[in-house]
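FYI, it's all coordinate maths here, none of it is from the lab. Nothing here was measured: the structure is a model prediction, and the numbers come from that model. Virtual Cβ from ideal backbone geometry, glycine too; neighbours counted across all protein chains shown.
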Amino acid sequence: MIFINPYFLFGLFALSIPIIVHLFNFRKYKIFYFSNTQFLQSLQQQTKRQSQLKKLLILALRLLAITAIVFAFARPYIPLEKAAANLKGNNYIVVYVDNSFSMEGLASRGSLLDEAREKALSIAEAYAEDDQFMILTNDFEPKHNQFFSKEEFKKEVNGIRISSITRTMDAVVQYAQSNLEEQNTQNKKLYIISDFQRTTSTIDKLGNLPDVYVFMVPLKANKINNVYIDSLWFDSPVFNVGQSISLHVMLKNISDVSVEKLPVKLFVNGNQKAIASADLQADGTGEVKMNFSLQETGIQQAYLVINDYPITFDDKLFFSFYLRPYNSILNVYGEKESPYLNALFAADSSIRYQAVSDRNIDYAQLKQQDLIVLDQVKEQSSGFVQAMESYVREGGNVLFIPSVDKELVMRNVFNQHLHIPKYESLDTHSSRIASLNIDNDLFKNIFEKQNENMNLPAVYRYYRLDNVVYPNKERLLVMENDGEFLSLLTLDNGKLYLLAVPLDDAYSEFHKHAIFVPALFNMAILKAKQEEAYYIIGSDMRIALPAYELQGDNVLEIARPGSNFSFIPEIRRQFGGLSLFVHDQIKEAGNYTVKDKEEVFYGLSFNYNRKESDMRCYDKAELKDKIETLGLKNYIVLSLQNKSTNAVVSEIQAAGIQLWQYCILLALLFLLAEVILLRIWKP
């Protein structure tokens, strides 16, 4: 047992006071005269031995009470295992200072980050000059990936600033452990100074660390209400000029106060395009829908904005999308071009349509196509099939329409090579399309409302597909007899649509029905679907540029318009296109562009992590309960907020099992026992 304030033990000299009182408080007997002895009959006789025993018991209780009170002020504790002998030895200490946006919250002594820096400096004062210190922040900076002396550590702490990067607690602990385990000593400590947000404090994923004590230092901000833009999505994944675009916006209210008619504004390329208002219940979410249209093609860089104080980093949500001037469709036919495909695409200014015979294909142009229609092709050579397979697996879309030549279809050369469903037989029984898969992007949102009694195309004969289960197959159009009329096969990054009939009146009404038009249009434009409208700073996601061909040794550059900021990202050729990786080089939310030399060809948007927007945090009691429930024996919660450096040093040096509370409890018990003894044992 060790005392934090050993000088208070001089208070034990106070034990002499009750002893002196006991020794000199001799009872003096007096003589009383009574006229009648009958008044003495109610008195109880008390022997001299009983009186002495009572006095000794009272004296003992008073001495014990004074001892317990003195011990309580001296603050005894049982030190941590292995720590008692090493408090001033060769220590390796890692101090993590949470510098995320939530640490901008205000407390009684300024911002939480200011107090976190102060506590980190105070922690250093609890250790010797020759101890080694490492500072960690959310940035995981390479310069911090080393141990410093105490003075160097203090300089690094004073340089900590707010960061846009968010880290989970298990990631911080794992990173610290990887640095500590390299040190050949058993005296290792990790201090975590944070507000312990519930969204990032992944305590359930923590485990006991061998030879490492983890000290949690929770800091609590004043209560803050926050309303923020959480996310967005479009009704349709592709966009056309003049088309009505529907944008859904999700907002969250982290407070106990309702919000009414909060303005939400949409800006595209610097111009306001829409405005809406949101009503949010206390601690609730709300969704608003915004409709707008655009008349110019190309890169569209936009953002949503609300006004909310005092937390403002999440009041904007940036996003980018692209309006293509046209979509390219290549129709590869066998004997002759289908008049239905020509009528659908040839006169449309938004479609660059080209029809060629299967004997006159320019294979160099395949990658430029958004959709290739293989309409009753006769070409069965290995070179043709391999070219089509490469195109679809690298992200292309192919529609395969079988031939009226049954013998040609039954060979299944194309199907066998691509390992897709094979045509088994020609079914001449009449049927009708019974259902559409409206959950698939091909048919999503083409109906304002779906009628159960829709008049769908009749089918007179069709090629039946085999019954083999394909995990990458999705049924899009199904007939009344459960036969598959249109199927979708996902092949790596591309899609292959398999039709059960030729575009011929003898087979079906599909090519003359209203659903024929949106089905084929969507097959073409879905290739232009942008994977992500925005990315989260710090997530280091893969950014796919599938439709761009980088020439020679050219390098790409990411820049922020209106500023001097630019950098060269990591570029990988994979998945049929280019992939970019920014590796935490983007720190500020906003819209960015991708350039090849001076040509801007792509737009990107980055936003701050919304995990920082939820200001609900664990308090000290909740952290202790979590640690106890999970059995984390090496984890200790310290209460250092609003304490001076000396108090912090004392708290750290006293880390272990605190006994002063038990001393106070014992003192109260001894005093209570004395009172009871005096009341019950009367002379």
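Listing for the model above:
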| quantity | calculated |
| --- | --- |
| Scaled radius of gyration (Cα, divided by 2.2 N^0.38 Å) that the chain gives | 1.49 |
| Rg(Cα)/(2.2 N^0.38 Å) for region 564-634, N = residue count | 1.87 |
| Rounded to 5, percent antiparallel among DSSP beta bridges of region 327-526 | 50 percent |
| Net charge, D204 excluded, C-beta distance under 9 Å - Lys, Arg +1, Asp, Glu -1 | +1 |
| Footprinting exposure proxy for S102, S320 (fewest neighbouring C-beta atoms within 10 Å first) | S320, S102 |
| Cβ-based net charge around I401, under 11 Å, with every Lys or Arg adding one and every Asp or Glu removing one | -2 |
| At R0 = 35 Å, FRET efficiency that the Cβ-Cβ distance of W233 and A343 yields, to 0.05 | 0.50 |
| Percentage relative contact order, the chain, counting C-alpha pairs under 8 Å, at least six apart | 16 percent |
| Burial ordering of Y333, Y7, fewest other beta-carbon atoms within 10 Å first | Y7, Y333 |
| Pairwise FRET efficiency - S357 versus K406, Cβ, R0 = 25 Å, nearest 0.05 | 0.70 |
| Stretch gain in nm, segment I664-A171, where the contour uses 0.36 nm per residue and the Cα spacing is subtracted | 173.4 nm |
| Cut-off 9 Å between beta-carbons: net charge of the residues surrounding L488, Lys and Arg +1, Asp and Glu -1 | +2 |
| In nm, spacing of pseudo-spin labels at Q243 and V468 (7 Å Cα→C-beta vector) | 3.5 nm |
| Relative packing of 132-143, 581-592, 189-200, 548-559, which averages over residues the other C-beta atoms within 10 Å, highest first | 189-200, 132-143, 581-592, 548-559 |
| By average C-beta atoms within 10 angstrom, highest first, the peptides 213-221, 476-484, 639-647 | 213-221, 476-484, 639-647 |
| Nitroxide proxy distance, nm - points 7 Å out along Cα→Cβ at K587 and A458 | 7.1 nm |
| Peptides 370-378, 514-522 ordered by average Cβ neighbours within 10 Å, highest first | 370-378, 514-522 |
| Point-to-point label distance, I224-F140, nm (Cα→Cβ direction, 7 Å offset) | 2.4 nm |
| Fully extended contour minus Cα-Cα distance, from A514 to F267, at 0.36 nm per residue | 85.4 nm |
| Residue-span extension gain [K54 to F24] - 0.36 nm each, minus C-alpha spacing | 9.2 nm |
| Computed E for H419/A621 - FRET, C-beta separation, R0 51 angstrom, nearest 0.05 | 0.30 |
| Too-long pairs where the Cα-Cα distance tops 22 Å, listed order kept, from K378/K422; K143/K597; K527/K587; K150/K587 | K143/K597; K527/K587; K150/K587 |
| Antiparallel content of DSSP bridges confined to the chain, in %, to 5 | 65 percent |
